[in-house]
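J.: Could you have a look at this structure, given as structure tokens, before my questions?
The values are calculated or read from the model by the stated rules, or taken from the named source; none is laboratory data. Values in this document were obtained by computation on a predicted structure and should not be read as measured data. Neighbour counts run over all protein chains shown; Cβ positions are idealised from the backbone, glycine included. Just the protein is used for accessible areas: all its heavy atoms, side chains included, with ligands, DNA and RNA removed. Shrake-Rupley method; radii C 1.70, N 1.55, O 1.52, S 1.80 Å.
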Amino acid sequence: MKKRILQRALLGIITLWLVSVLIFIGTEMLPGDVATAILGQSATPETVAALRLQLGLDEPSVLRYLHWLAGIMHGDLGHSLANGRAISDELLPRLANTLFLAGYAAVIAIPLAVGLGIASAIWRGSVFDRLANTLTLISISVPEFFVGYILVIAFAIRLTWFPSLAMVDSSSSFIDRLYVCTLPMLTLTLVVLAHMLRMTRASVTAVMASPYIESAVLKGIPRWRIVISHALPNALAPIINVVAFNLAYLVVGVILVEVVFVYPGIGQYMVDAVTKRDLPVVQACGLLFGGTYIFLNTTADLLAIWCNPRLRHAR
């Protein structure tokens with residue numbers, strides 16, 4: 001098991017390095033000039049050249065990447081080109097906001113999805129199962145920003161139960177944050193619920209076709225007990241993977257939801273940085289998203305191996 005952990009950790013580090021290369025290349029390919037965008041209407045050839053020299057933009061791309069990577073390895077995310085502030089000082093509070101929203105949605109979505117998926121497997125073919133499959137297909141087919149706007153129209157404009165903008169700050173209490181973040185949380189929950197529910201149902205249903213399950217049925221054991229005690233433990237590996245994938249989405253794919261509700265998280269911060277061509281901020285946010293995704297997926301692989309001893313040995 002220790003060998004597997006080291007292998008996965010090494011693979012994660014290599015993958016994160018490749019992600020950093022792709023992020024840097026992608027930001028370098030963005031159209032326009034950073035110095036011109038910062039100076040705006042006051043840009044002249046002389047001021048643009050001076051600013052490019054000050055920002056180090058006159059150096060070769062490879063050298064600038066190595067400087068950026070060295071700073072990242074020492075915990076220095078650089079400084080924003082828009083206001084000159086340290087990126088880490090602005091990123092950490094927004095990271096806390098994004099993690100709060102993702103955790104809020106995960107606490108609701110994961111138990112609900114796994115529970116409904118198990119119920120669908122227990123009552124496979126019933127009206128409940130068909131209704132759950134239909135609703136999940138509809139949920140998967142609708143983009144998250146559209147779901148967000150529908151919830152705003154229904155619960156913020158028509159019913160006026162919740163605010164349409166999720167504005168929070170350091171002075172907001174925990175209860176206030178829960179109330180303000182309700183609509184973004186519901187949006188994320190509806191988006192990830194369908195995928196986890198369908199995977200849970202499919203995994204449990206596949207295990208239910210095993211011979212030892214048929215033997216348990218012939219012994220007269222209740223179906224719910226068979227699912228919970230015999231089928232679910234052997235179906236945990238794919239369920240853990242899909243839960244980790246959706247947890248990563250709750251953090252990484254939250255960008256559109258934060259923009260819709262003007263939530264002060266990393267997604268909103270990254271979108272603002274793209275519009276201002278603040279490349280160091282875009283690179284830092286992209287690397288953070290990539291690192292989160294890789295970490296959660298690596299953790300899911302290790303948990304799946306731990307839950308299923310057969311995965312510990314190569315076939």
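J.: Which residue is farthest from Asn97 (Cα to Cα), if the candidates are limited to the range 261-276 and must be over 16 Å from the mean Cα position of the chain (by Cα) and hydrophobic (A, V, I, L, M, F, W, C)?
T.: Step by step, filter the range 261-276, then rank; the result is Val274.
J.: Tell me which of these Ala105 doesn't satisfy, since it passes every other one: (1) surrounded by 20 or more Cβ atoms within 10 Å (Cβ to Cβ); (2) closer than 25 Å to Ala209 by Cα; (3) not basic (Lys, Arg).
T.: So the condition that Ala105 fails would be (2).
J.: Does the range 23-48 hold any residues that are modelled with pLDDT under 75 and small (Gly, Ala, Ser), and which are they?
T.: Selection gives Gly32, Ala35, Ala37, Gly40, Ser42, Ala43.
J.: Test Ser120 against the criterion of being open to solvent by less than 40 Å² (accessible area, probe 1.4 Å), in contact with a Leu (Cβ under 8 Å, 6 or more places away or on another chain) and of a type in the set (Ser, Thr, Tyr), and give yes or no.
T.: Yes: the conditions hold for Ser120.
J.: Those residues that are under 30 Å from Ala202 (Cβ atoms), open to solvent by 80 Å² or more (accessible area, probe 1.4 Å) and either in a loop (DSSP other than H, G, I, E, B) or charged (D, E, K, R) (or both), I need them from the range 130-168; list them, please.
T.: Arg130
J.: Out of the residues in the range 249-258 meeting the condition of being in contact (Cβ under 8 Å) with a residue 40 or more places away in the chain and open to solvent by 30 Å² or more (accessible area, probe 1.4 Å), tell me which one is nearest to Gln283 (Cα to Cα).
T.: Val252
J.: A further question follows. What tally of residues in the range 206-226 results from selecting those that are hydroxyl-bearing (Ser, Thr, Tyr) and assigned to a helix (DSSP H, G or I)?
T.: The total comes to 2.
J.: Have a look at Ile294, Ile305 and point out the one that is modelled with pLDDT of 75 or more and either in contact with a Leu (Cβ under 8 Å, 6 or more places away or on another chain) or more than 26 Å from Glu258 (Cα to Cα) (or both).
T.: Ile294
J.: What are the pairs with Cβ atoms under 9 angstrom where one residue, in the range 79-90, is in contact (Cβ under 8 Å) with a residue 24 or more places away in the chain and closer than 13 Å to Tyr269 by Cα and the other, located anywhere, is open to solvent by 40 Å² or more (accessible area, probe 1.4 Å) and among the basic types (Lys, Arg)? Sequence gap at least six, or different chains.
T.: The qualifying pairs are Ser80/Lys276; Ala82/Lys276.
J.: Within the range 113-127, identify whether any single residue is part of a helix (DSSP H, G or I) and among the charged types (D, E, K, R), and answer yes or no.
T.: Scanning the range 113-127 turns up no residue that is part of a helix (DSSP H, G or I) and among the charged types (D, E, K, R).
J.: Would you point out which residue out of Ser171, Ser203, Ser229 is in a helix (DSSP H, G or I) and without any contact (Cβ under 8 Å) to a residue 12 or more places away in the chain?
T.: That would be Ser229, the only listed residue that is in a helix (DSSP H, G or I) and without any contact (Cβ under 8 Å) to a residue 12 or more places away in the chain.
J.: Looking for whichever is modelled with pLDDT of 75 or more, under 23 Å from Val107 (Cα atoms) and open to solvent by 50 Å² or more (accessible area, probe 1.4 Å) here; the options are Leu236, Leu197, Leu186. Which one fits?
T.: Sole residue among the options that is modelled with pLDDT of 75 or more, under 23 Å from Val107 (Cα atoms) and open to solvent by 50 Å² or more (accessible area, probe 1.4 Å): Leu186.
J.: Moving on. Applying the selection to the range 62-83, what residues are open to solvent by 80 Å² or more (accessible area, probe 1.4 Å) and assigned to a helix (DSSP H, G or I)?
T.: Val62, Leu66, His67, Met73
J.: Does the range 96-114 include one or more residues that are farther than 25 Å from Ala231 by Cβ, in contact with a helix residue (DSSP H, G or I) (Cβ under 7 Å, 6 or more places away or on another chain) and polar (S, T, N, Q)?
T.: Looking for residues that are farther than 25 Å from Ala231 by Cβ, in contact with a helix residue (DSSP H, G or I) (Cβ under 7 Å, 6 or more places away or on another chain) and polar (S, T, N, Q), one finds at least one in the range 96-114, hence yes.
J.: When you scan the range 84-102, how many residues do you find that are farther than 23 Å from Cys181 by Cβ and open to solvent by less than 60 Å² (accessible area, probe 1.4 Å)?
T.: 4
J.: Further question on the same structure: Does Pro264 fit the bill of being touching a Lys or Arg at 6+ places or on another chain (Cβ under 9 Å), at pLDDT 80 or above and either of a type outside the set (Ser, Thr, Tyr) or not in a helix (DSSP H, G or I) (or both)?
T.: Spelling it out, Pro264 is indeed touching a Lys or Arg at 6+ places or on another chain (Cβ under 9 Å), at pLDDT 80 or above and either of a type outside the set (Ser, Thr, Tyr) or not in a helix (DSSP H, G or I) (or both).
J.: If I go through the range 208-228 residue by residue, how many of them are open to solvent by 90 Å² or more (accessible area, probe 1.4 Å), more than 15 Å from Ser120 (Cα to Cα) and not acidic (Asp, Glu)?
T.: 4
J.: Given the criteria surrounded by fewer than 21 Cβ atoms within 10 Å (Cβ to Cβ) and at pLDDT 75 or above, does Ala273 qualify?
T.: The answer is no for Ala273.
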